[in-house]
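*Asks:* Quick one: the structure is below, and I'll ask about it shortly.
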Amino acid sequence: MKAITYQGVKDVKVKKVDDPVIDRDDDMIVKVTSTAICGSDLHLIHGMVPNMPKGFILGHETMGIVEETGKAVTKVKKGDRVIVPFPVSCGHCWYCEHDLWSQCDNSNPNGEVGAILGYSNTYGGYPGGQAQYLKVPYANVGPVVVPEELTDEQVLFLSDILPTSYWGVEQGSVKQGDTVVVLGCGPVGLLTQKWAAYMGAKRIIAVDYIGYRLAHARTYNNVEVYNFNDSDNTGEYIKEITHGGADVVIDCVGMDGKMTVIEMVESALKLQGGSKSAIEMSTQAVRKGGTVSMVGVYGARYNAFPLGDFFARNITLKMGQCPAHTYIPRILDLIRKGSFDATDIITHRLSLDQGEHAYEIFDEKKDNCIKVVMKPN
Ligand SMILES: NC(=O)c1ccc[n+]([C@@H]2O[C@H](COP(=O)([O-])OP(=O)(O)OC[C@H]3O[C@@H](n4cnc5c(N)ncnc54)[C@H](O)[C@@H]3O)[C@@H](O)[C@H]2O)c1
Ligand SMILES: [Zn+2]
Ligand SMILES: [Zn+2]
């Protein structure tokens, strides 16, 4: 089959690789109909996540048709159309049983954190879904059958960014009437703005520095937008226009945020796991006693992390990998009822063969790219 593979920093290639095969009785193989690139994939191709072997198959936002099932699989059958959540979860450990699917104790043979499809050996070493076929482990747990009347584009993002953005707003404890700042207008930030409105936020301020993404936020989400290049201190500016700071700041940026020169040096010296520009903004943009919900993914170590700024102002910090499984049924229900739609963020529909180009435009914010969906079969 064909798959998008990691070859080194800023180097992905579409290659012929071996078809996946069922090893365990509860594995299944999905023939992929749609797969997307995520901002998290950019951390991989920027070399920010350790233990990425050359040739590793990328991708954790995938859906398709069940092609083959191991003999213990009962949840789905050949021919079912399914979406596959990005965390790999066993379904019966303490963490899976307590809605912390992304911290499953059994799925990652290589470490303490839960496993993620297509996300390095550190996260379990499971080949990803930017491919013609995907092997899905624990097939009685993760995959969810989707109704025929919904298109791939309506449901594909249930695999990651729909639950992630919903969870980011929920973990921020957004309430009716709140002022919410969303840092980042990539796919995750744009959907976060929608959920914040859905959950009753009165004022939503979206921050980025890419003009076409800010324009998308304004047009489709009807939010206030702010280009952080317009000020030397965005956090202070937001504190001023919100009269003391937002109730909730949701960081949808992560370690590949825009870096200062000092940060570039610190990252190169491994003193810092990438940018913390969004964290610095959050310290000022949130009001005293407010909450910062970190959805953006961060690296291990941060020199000069502004802990005291959070401490002195009684800020609650919450973060982590989204336990996607918990949120899929309720969001699927909203999509089915026509109460929520995320398809406006799709700017590019490409074939898997165009994978290298797809990564380039998404990474370098070319051609007004927001979200790429690829059709491998
Ligand atoms: N926690 C989870 O479970 C989970 C799941 C999915 C994605 N993510 C993470 O969410 C983040 C966003 O994903 P995406 O697909 O939207 O990525 P993206 O790279 O398309 O979007 C990030 C946006 O942030 C903007 N930006 C950079 N620095 C900024 C700053 N200091 N302030 C405000 N905006 C800034 C960029 O211009 C870009 O538009 C990534 O870190 C990704 O890994 C986390
Ligand atoms: Zn993702
Ligand atoms: Zn588990």
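Every number here is computed from the coordinates shown, using simple stated rules; none is lab data. All values reported here derive from a predicted model rather than from experimental measurement. Every residue, glycine among them, receives a Cβ derived from its backbone with ideal geometry; neighbour counts consider all protein chains shown.
*Asks:* Using only Cα atoms and rounding to the nearest 10 degrees, what angle (0 to 90) does helix 187-198 make with the longest principal axis of the chain?
*Replies:* Helix 187-198 sits at roughly 70 degrees to that axis.
*Asks:* Right, another one. List the trypsin sites (Lys or Arg not before Pro) in the range 131-239 that DSSP assigns to loop (not H, G, I, E or B) and whose Cβ has at most 14 other Cβ atoms within 10 Å. Which are they? Can you show the working numbers first?
*Replies:* Values: sites: LYS135, LYS175, LYS194, LYS202, ARG203, ARG213, ARG218, LYS239; in loops: LYS175, LYS202.
Within the range 131-239, the qualifying trypsin sites (Lys or Arg not before Pro) (loop, at most 14 other Cβ atoms within 10 Å) are LYS175, LYS202.
*Asks:* Right, something else. Assuming a strict under-20 Å limit between Cα atoms, what lysine pair count do you get for the range 182-309 once near-sequence pairs (fewer than 8 apart, same chain) are dropped? Don't skip to the end; give the middle numbers.
*Replies:* Working: LYS194/LYS202; LYS202/LYS239; LYS202/LYS288; LYS239/LYS276; LYS239/LYS288; LYS258/LYS270; LYS258/LYS276.
Lysine pairs meeting the criterion: 7.
*Asks:* Could you tell me how many cubic angstrom of Cα convex hull volume the chain has per residue?
*Replies:* Values: hull volume 48.4 nm³, N = 377.
In the chain, the Cα convex hull volume per residue is 128 Å³.
*Asks:* Of all alpha-carbon pairs in the range 280-377, indicate the percentage at a distance above 22 angstrom.
*Replies:* Numbers: 2821 of 4753 pairs.
In whole percent, the long-distance tail amounts to 59.
*Asks:* Right, here's the next one. Is there a quick way to get the dipole size of the chain? I mean about its Cα centre, with the Cβ of Lys and Arg at +1 and of Asp and Glu at -1; what is the value in debye to the nearest 20? Could the numbers behind the result be given before it?
*Replies:* Working: 37 positive and 45 negative charges, 39 e Å.
Computed about the Cα centre, the dipole is about 180 debye.
*Asks:* Need one number: the % of Cα-Cα pairs in the range 171-245 sitting beyond the 17 Å mark.
*Replies:* In whole percent, the long-distance tail amounts to 40.
*Asks:* Can you give the FRET efficiency to the nearest 0.05 for SER173 and ALA300, using r as the Cβ-Cβ distance and R₀ = 25 Å?
*Replies:* On the way: r = 27 Å, r/R0 = 1.08.
According to the calculation, E is roughly 0.40.
*Asks:* Determine the distance separating the Cα centre of the range 6-43 from the Cα centre of the range 65-144; give it in Å without decimals.
*Replies:* 13
*Asks:* Out of the range 218-264, which GluC sites (Glu not before Pro) are coil in DSSP terms and have no more than 10 other C-beta atoms within 10 Å? Walk me through the numbers on the way to the answer.
*Replies:* Details: sites: GLU224, GLU236, GLU240, GLU263; in loops: none.
Nothing satisfies the criteria.
*Asks:* OK, next. With n ≥ 4 as the cut-off for DSSP H runs, can you work out [θ] at 222 nm for the chain, using -39500 (n - 2.57) per run divided by the number of residues, rounded to the nearest 500?
*Replies:* Working: 12 runs with 98 residues, N = 377.
Calculated mean residue ellipticity at 222 nm is -7000 deg cm²/dmol.
*Asks:* For TRP94 and SER351, compute 0.36 nm times the residue count separating them, minus their Cα-Cα distance, and round to one decimal in nm.
*Replies:* Details: separation 257, 0.36 × 257 = 92.52 nm, distance 4.00 nm.
Contour length minus the Cα-Cα distance gives 88.5 nm.
*Asks:* What's the FRET efficiency of THR316 with ASP25 using the Cβ-Cβ distance as r and R₀ = 45 Å, to the nearest 0.05?
*Replies:* Working: r = 43 Å, r/R0 = 0.96.
The pair THR316/ASP25 has a calculated efficiency of 0.55.
*Asks:* While we're looking at this one, here's another question. Work out the charge dipole of the chain with +1 on the Cβ of Lys and Arg and -1 on the Cβ of Asp and Glu about the Cα centre, then indicate which of LEU332, TYR133, LEU156 is farthest towards its positive end.
*Replies:* LEU332
*Asks:* Further, regarding this structure: Report the trypsin sites (Lys or Arg not before Pro) located in the range 1-60 that are in a DSSP loop and have at most 16 other Cβ atoms inside 10 Å of their Cβ, or state none. Working shown, then result.
*Replies:* On the way: sites: LYS2, LYS10, LYS13, LYS15, LYS16, ARG24, LYS31, LYS54; in loops: LYS10, ARG24, LYS54.
Taking the range 1-60 and a limit of 16 other Cβ atoms within 10 Å, the loop trypsin sites (Lys or Arg not before Pro) found are LYS10, ARG24, LYS54.
*Asks:* Related question: Compare the Cα positions of LEU190, MET259, TYR237 along the charge dipole of the range 162-319 (+1 at Cβ of Lys, Arg; -1 at Cβ of Asp, Glu; about the Cα centre) and return the one farthest towards the positive end.
*Replies:* Selected residue: LEU190.
*Asks:* Moving on to the next point. Report the one residue of MET374, VAL9, PRO50 whose Cα lies farthest in the direction of the positive end of the charge dipole of the chain (charges on C-beta: Lys and Arg +1, Asp and Glu -1; origin at the Cα centre).
*Replies:* MET374
*Asks:* If I take all pairs of Cα atoms in the range 253-334, what percentage of them are more than 21 Å from each other? Could the numbers behind the result be given before it?
*Replies:* Values: 1303 of 3321 pairs.
Value for the range 253-334: 39 percent of Cα pairs lie more than 21 Å apart.
*Asks:* Now for a different question. Lysines near LYS78 by alpha-carbon distance under 23 Å, same-chain residues fewer than 8 away left out - which ones?
*Replies:* Once the sequence-local lysines are set aside, what remains near LYS78 is LYS2, LYS31, LYS135, LYS375.
*Asks:* Here's another thing I want to ask about it. Taking a ≥ b ≥ c as the square roots of the eigenvalues of the Cα gyration tensor of the range 1-146, is the shape rounded (a/c under 1.5), prolate (a/b larger than b/c) or oblate?
*Replies:* Values: a/c = 1.87, a/b = 1.20, b/c = 1.56.
Oblate.
*Asks:* By how many nm would the segment from ASN106 to ASP367 grow when fully extended, if each residue of separation counts as 0.36 nm and the alpha-carbon distance is taken off? Kindly include the intermediate steps, with their values, before the conclusion.
*Replies:* Details: separation 261, 0.36 × 261 = 93.96 nm, distance 4.15 nm.
Between ASN106 and ASP367, full extension yields 89.8 nm more.
*Asks:* In the chain, what percentage of the DSSP-assigned beta bridges are antiparallel, given to the nearest 5? Each step should come with its number before you reach the end.
*Replies:* Working: 31 of 58 bridges.
Of those bridges, close to 55 percent are antiparallel.
*Asks:* Further question on the same structure: Semi-axes of the range 162-319's equivalent ellipsoid from the Cα gyration tensor, sqrt of 5 times each eigenvalue, largest first, rounded to whole Å? It would help to have the intermediate numbers written out before the result.
*Replies:* Numbers: eigenvalues 104, 59, 44 Å².
Gyration-tensor ellipsoid for the range 162-319: 23, 17, 15 Å.
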